[in-house]
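What follows is one structure encoded as structure tokens, with my remarks underneath.
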Amino acid sequence: MKTSTYQSLLPHLKTGDLVLFSGKYSISKLVEKLEHSMWSHVGMVVRPDPAGEVYFFESTALTNLEDVYFHDHKTGPKVVKLIDRLNTYGKDLDPYEPPQYALRSINLEGENIDEEQLFVYMQKVHGIPNPSQWKMIEEVIEGRFFHITSQSNDYTCSKLIAETYQTLGLFFPDMPLNGYMPADFSSPGRVKLTGAKLGEEVLIELEQGDVSITSESSSAPFKVRD
């Protein structure tokens, strides 16, 4: 698997790219074991300004980073700065072992992603919680093996990104959204886009000095219509 530094990838990061995480949390290791994969978390790059800050749309139980639009610390779907998530993921574990991250760049065959539609969707799902660990596993089993759509109002990371791509007209799922897992978004995974292709994984190498482009006091990166 190819490796590139964050700084070398930074100029090319764009809305729609995926970032996969290999974590050291207990639930991360359990998910990776169940999947037979190194990946246990997935989220999507959001970059309204191609030369500006890079944000990350994810669903997570972590509350250490503030949502850059809503300015809260709720679990579930949120938008944070990508570099901040990369720098802090697993830092609450002792001993800390640096996780692995990989980028899958999106290549669109037609028009650009409708970012207004994306931001309206972000507003819609914000505040919906991340399921508990065992509830998450139960929902995945229901969707993946029994094709049962979960009635729970929550979002795993995979369900969020699958639904995001579906909302943008890039993905037509072949099972209930709650059945998807992070490994499905990897190169050998089952998620195949329509009107776009995802590149092979590129491991992201962080270096000392990789920090946010903008300060925490910056204005919101986008505006969502009422």
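None of the figures in this text is laboratory data; all of them are computed from the coordinates on show. Model, not experiment: these values are computed from the prediction. Using ideal geometry, Cβ is built from the backbone for each residue, glycine included, and neighbour counts are taken over all protein chains shown.
What ranking of 124, 14 emerges when the number of other C-beta atoms within 10 Å of each C-beta is taken as an exposure proxy, fewest first?
Placing the least packed residue first, the sequence is 124, 14.
Can you pick out the pairs among 24/159; 91/135; 91/192; 14/135 whose Cα atoms lie more than 28 Å from each other?
In this structure, 91/192; 14/135 lie more than 28 Å apart at Cα.
Which order do 40, 4, 105 fall in if you start with the one that has the fewest other Cβ atoms within 10 Å?
In order of increasing Cβ crowding within 10 Å: 4, 105, 40.
Mind putting a number on the dipole of region 56-169 about its Cα centre? Charges go on the C-beta only, +1 for Lys and Arg and -1 for Asp and Glu, and I need it in Debye to the nearest 20.
180 debye
Among the listed pairs 29/124; 2/74; 29/74, which are separated by more than 28 Å between their Cα atoms?
In this structure, 29/124; 2/74 lie more than 28 Å apart at Cα.
Suppose every Lys and Arg Cβ carries +1 and every Asp and Glu Cβ carries -1, with no other charges. What dipole size does the chain come out with about its Cα centre, to the nearest 20 debye?
So the dipole magnitude of the chain works out to roughly 340 debye.
Determine the distance separating the Cα centre of region 25-56 from the Cα centre of region 94-162; give it in Å without decimals.
Result: 9 Å between the Cα centres.
Need the full-extension length gain, residue 4 to residue 148, defined as separation in residues times 0.36 nm minus the C-alpha distance. One decimal, nm.
Result for the pair: 47.9 nm of gain on full extension.
Would you look at the GNM of the chain, springs on alpha carbons closer than 10 Å, and say which of 34, 93, 206 moves the most?
Result: 93 has the largest fluctuation of those listed.
Dipole of the chain (Lys/Arg Cβ +1, Asp/Glu Cβ -1, origin at the Cα centre): which of 122, 46, 171 lies farthest to the positive side?
Of 122, 46, 171, it is 171.
Out of region 158-197, which trypsin sites (Lys or Arg not before Pro) are coil in DSSP terms and have no more than 15 other C-beta atoms within 10 Å?
Taking region 158-197 and a limit of 15 other Cβ atoms within 10 Å, the loop trypsin sites (Lys or Arg not before Pro) found are 190, 192.
Given the -39500 (n - 2.57) contribution per DSSP H run of 4+ residues, what per-residue ellipticity at 222 nm results for the chain, rounded to the nearest 500 deg cm²/dmol?
Mean residue ellipticity at 222 nm (helix-derived): -7000 deg cm²/dmol.
Can you pull out the GluC sites (Glu not before Pro) in region 100-157 that DSSP calls coil and that have at most 10 other Cβ atoms within 10 Å?
Answer in residue order: 109, 111.
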